[in-house]
Amino acid sequence: MPPLSVWMVRVALLHLGIGFTFGALMLFDKAAPTHPDIWRLWPLHIELTLIGWTVQLAMGVAFWIMPRFARLPNRYGRRTTLAWAAFALLNAGVLAVCAGNWWPSLADLTLAGRIAELSAVILFIIHLWPRIKPPGA
Amino acid sequence: MPTLARWYIKAGLVYFVLALIAGVLVQARTVVDLPTWVATLRPVYVHLLAVGWITQLIIGVGYWMFPKFSRENPRGSEQLAWATFILLNVGLALRVISEPRVSIRAEPDLSWMLALSAVLQLIAGWLFVINTWARIKER
Ligand code: HEM
Ligand code: HEM
């Protein structure tokens, strides 16, 4: 597994652990009320599980197993910098959306975070596009 | 494909069908009369998809294809992996049974089951993270 995939999948695992924890806190609270602030975790839970975990895991695995280029100096293609940038932007985005939803004073971060996530996905697609190809091409 | 990977993937497929049935039920309320608890199926629907299907499929395929932990123990601890499978599935099933009833405050009260479900899924999630961590590596 290439280093970028190791980073993506490991960070995705952390998002899963934290996302599950926030989900479990809310579910427990549904059964036995604990603290009124627990339900403010709702948007953070969704962000961490859907984007931090599912999307990032898919990106990490795609970078690892999609066809490579036997003839290029870098077998993962010419545009690997874009994939690294996607990794940084995606996680900055998830953190920004979480912070923006949790701290009212930081609410503006939510929009910045969503833009970062969008940019991350676009950069990653630009990296991946030429790798979706027949064998040997 | 190892036995446990097959269990994960097949359980995931079953949850996928259950999720879509729940999704149809939630939507069917707009055209036919259904009991009130059907209206509370939304979180059950979302998690049958997100946990039962998507996350479980990822765990199953990962268990099978992620880099090997070591020659003697290619998939890390098999006991931990089985424990994860059982805790996750029992936890999710308990949620499906109890959450709609707790939402409409039905008697007998199943809050204890919902709380237990939260704890079981929480443990399952972290067991999976711990047991998978060392397999995510370059060689
Ligand atoms: C331990 C595992 C999990 C637990 C205990 C959990 C618990 C919860 C709870 C209590 C809610 C609020 C439900 C409500 O509005 O009444 C919620 C919402 C949500 N969760 Fe989870 N969750 C878990 C895992 C996941 C995962 C892995 C995903 C996605 C990959 C996910 C996606 C969502 C989404 C999208 C919502 C919003 C639901 C809606 O729109 O109604 N959850 N979760
Ligand atoms: C036959 C296929 C499907 C049907 C009939 C269906 C039906 C529905 C319905 C009726 C809702 C709205 C629930 C409500 O009104 O409260 C919904 C929401 C949702 N569905 Fe599906 N769905 C299907 C497939 C999928 C798939 C494949 C996914 C993802 C992998 C998915 C993800 C979601 C999510 C995340 C929501 C919550 C959206 C939100 O929070 O606004 N659905 N679905």
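Name the residue, out of B:82, B:64, B:126, whose mean-square fluctuation peaks in a Gaussian network model built on chain B with Cα pairs under 10 Å.
B:126
Computing the accessible area with a 1.4 Å probe over protein heavy atoms, can you report the carbon and sulfur percentage for the range B:3-133?
Here carbon and sulfur together make up 70 percent of the probe-accessible area.
Divide by every residue of chain A the summed helix terms, -39500 (n - 2.57) for each DSSP H run of at least 4, and state the resulting mean residue ellipticity at 222 nm, rounded to the nearest 500 deg cm²/dmol.
After summing the helix terms and dividing by residue count, I get -21500 deg cm²/dmol.
If one puts a single equal scatterer on every Cα of the protein assembly as shown and applies the Debye formula without solvent, what log₁₀ I(q)/I(0) results at q = 0.09 Å⁻¹?
Those come out to -0.48, one per q.
On the full set of protein chains, 1.4 Å probe, figure out the accessible area of residue A:124 and give it in Å² to the nearest 10.
Accessible area, nearest 10 Å²: 10 Å².
For residue B:137, go through the lysines and keep the ones whose alpha-carbon is under 21 Å away, minus same-chain ones fewer than eight residues off.
B:68
For residue B:77 paired with residue B:32, estimate the spin-label separation in nm (one decimal), with each label point 7 Å from Cα along the Cα-to-Cβ line.
Each label point lies 7 Å from its Cα, and together they span 4.8 nm.
Taking a probe of 1.4 Å, how large is the accessible area per residue of the protein assembly as shown, in Å²?
Heavy-atom SASA per residue in the protein assembly as shown reads 52 Å².
Calculate the FRET efficiency for residue B:46 and residue A:74 from the Cβ-Cβ distance with a Förster distance of 51 Å, rounded to the nearest 0.05.
For R0 = 51 Å, the calculated efficiency reads 0.80.
Points 7 angstrom from Cα along the Cβ direction at residue A:95 and residue A:112: gap in nanometres?
Each label point is offset 7 Å from its Cα along the Cβ direction, giving 1.2 nm.
Starting from the residue with the highest accessible area, list A:39, A:64 in decreasing order, probe 1.4 Å.
Output order, biggest surface exposure first: A:39, A:64.
Can you give me the relative contact order of chain A as a percent, contacts being Cα pairs under 8 Å and 6 or more apart?
Relative contact order for chain A comes out at 26 percent.
What total accessible area, in Å², is buried where chains B and A meet, using a 1.4 Å probe and rounding to the nearest 100?
That pair of chains buries around 2400 Å² in total.
Suppose accessible area is computed on protein heavy atoms with a 1.4 Å probe; arrange B:111, A:105 from highest to lowest.
Sorted descending by solvent-accessible area, the residues read A:105, B:111.
Pick out which of A:54, A:21, A:34 has the largest mean-square fluctuation in a Gaussian network model of chain A, springs linking Cα atoms closer than 10 Å.
Result: A:34 has the largest fluctuation of those listed.
How much accessible surface does residue A:57 have with a 1.4 Å probe, in Å² rounded to 10?
Surface open to solvent at residue A:57 totals about 10 Å².
Using a Gaussian network for chain B with springs between C-alpha atoms less than 10 Å apart, which of these wobbles most: B:52, B:12, B:62?
The residue with the greatest mean-square fluctuation here is B:62.
The values are calculated or read from the model by the stated rules, or taken from the named source; none is laboratory data. A quick note: this is a predicted structure, and the numbers were derived from the prediction, not measured. All Cβ positions, glycine included, derive from the backbone under ideal geometry; neighbour counts span all protein chains shown. Just the protein is used for accessible areas: all its heavy atoms, side chains included, with ligands, DNA and RNA removed. Shrake-Rupley method; radii C 1.70, N 1.55, O 1.52, S 1.80 Å.
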